[in-house]
Amino acid sequence: MTAAATLLHFDDETAAAHRLADAAGLRPACIERHRFPDGEVRLRLPPVLAEPVVLLRTLDQPDPKLVELLLAARTARALGAPHLTLVAPYLAYMRQDIAFNPGEAVSQRIVGGFLTSLFDAVITVDPHLHRVATLHEAVPARQALAVSAAPLLADLIAERRPGALLVGPDAESAQWVAQAAARHAFDHAVCTKVRRGDHDVSIELPPVGVARRAVVILDDVASTGHTVAGAARLLLAAGAASVDVAVTHALFAGDALALMKGAGVSHIWSTDCIAHATNAVPVAPLLARALGDLQAGRNT
Ligand code: R5P
């Protein structure tokens, strides 16, 4: 990305925007936002837009943010931005990738198509891609780049819990566990999970010895915390010396944090893809590299 490019952001992500702007050599500029009493929103973009524009918006609590993206992207185009990149460290709606029941919206495809209609390029971190292989299948923008924070979480685990046993709480986590384990030769294994409802999962431990091991549960996302809590209880009951958690996206809905702690989890480390008190791994350098890769035409 050229030094002249603007990084648009909203006021609630100013700190993250400045970290990314510093790492990527961008000029941060805040979008003015007015929320009307009836819930509608008015945006005003800074006068900087006859140049490539990067928009930072992490998409936890996504619904109002999707309208903001619609208004901001269309306005940036109207003001003359020739190229628009969305940096969404957390990309919402990726888990609904098929219609599990007749008539269900396939949200991944719909939201992916919506973002494609607004942006030339989309960058995200560890999107929850389960039944599709690449981000481009879910978000068919001209450029769609998914980068992984698993190596960064692995580095943190190696520092805080050298020799840990990495455990993925379900089959989907295997991709991140494998990456992290490969980086520091961690022992690793993956549980089996059956989900019956938002707050109802049952987990089976893999056939590995956990007694007296320092275990770190690694996953892309914790939402209600039930997956992590269920795995932690089983691991501790099986004799694990400690259970910590490393997660890319700290969604932590409702009482998730208390639930995980109550299950015996000692430490929870997250990336700053979503701002949270547990953030321990900054992703700005990773995102800056991704912007450089896109500019160089490298696109996965
Ligand atoms: C699903 O496969 C994800 O990787 C997470 O395990 C899941 O979204 C966690 O959800 P929750 O925290 O609500 O159990």
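The values are calculated or read from the model by the stated rules, or taken from the named source; none is laboratory data. On a predicted model such as this, the values are computed, not experimentally measured, just so you know. FYI the Cβ positions are ideal-geometry reconstructions off the backbone, even for glycines, and counts take in every protein chain you see.
Here are a few things to note about the model shown:
- Any chance His188 is more than 25 Å from Ala16 (Cβ to Cβ) and not aliphatic (A, V, I, L, M): yes
- Each residue in the stretch 10-30 was checked for being among the aliphatic types (A, V, I, L, M) and over 18 Å from the mean Cα position of the chain (by Cα), and 5 pass.
- Residue within the stretch 190-213 that is within 17 Å of Met94 (Cβ to Cβ), free of Cβ contacts under 8 Å to residues at least 60 places away in the same chain and basic (Lys, Arg) present: yes
- Here Arg298 passes the criteria (1) farther than 21 Å from Arg95 by Cβ; (2) at pLDDT 95 or above except the one numbered (2).
- Contacts under 6 angstrom Cβ, first residue in the stretch 157-176 being in contact (Cβ under 8 Å) with a residue 40 or more places away in the chain, partner among the charged types (D, E, K, R) and away from the ligand (no atom under 16 Å from the Cβ), 6 or more apart: Leu165/Asp187; Leu165/Arg213
- Residue selected from the stretch 44-61 under the condition surrounded by fewer than 18 Cβ atoms within 10 Å (Cβ to Cβ) and modelled with pLDDT of 95 or more, by the criterion nearest to Thr248 (Cα to Cα): Gln61
- Among (1) within 16 Å of the ligand (Cβ to nearest atom); (2) surrounded by fewer than 21 Cβ atoms within 10 Å (Cβ to Cβ), the one test that Leu70 misses: (1)
- Taking the stretch 226-300 as the region of interest, the helices (runs of 4 or more DSSP H) fully inside it that hold 1 or more residues being within 12 Å of the ligand (Cβ to nearest atom), surrounded by 20 or more Cβ atoms within 10 Å (Cβ to Cβ) and of a type outside the set (Gly, Ala, Ser) are 226-237, 256-262.
- The number of residues in the stretch 43-71 being assigned to a loop (DSSP other than H, G, I, E, B) and without any contact (Cβ under 8 Å) to a residue 12 or more places away in the chain comes to 1.
- Pair list, Cβ < 6 Å and 6+ apart or interchain, from the stretch 120-133 residues that are within 11 Å of Trp176 (Cβ to Cβ) to residues that are at pLDDT below 95 and within 14 Å of the ligand (Cβ to nearest atom): His128/Arg95
- Being modelled with pLDDT of 95 or more, surrounded by fewer than 21 Cβ atoms within 10 Å (Cβ to Cβ) and part of a loop (DSSP other than H, G, I, E, B) is a property that Asp22 lacks.
- The residue list Pro52, Pro62, Pro46 contains one member that is in contact with a strand residue (DSSP E or B) (Cβ under 6 Å, 6 or more places away or on another chain) and of a type outside the set (A, V, I, L, M), which is Pro46.
- Members of the stretch 85-106 found to be in contact with a strand residue (DSSP E or B) (Cβ under 9 Å, 6 or more places away or on another chain) and surrounded by fewer than 22 Cβ atoms within 10 Å (Cβ to Cβ), listed by number: Arg95
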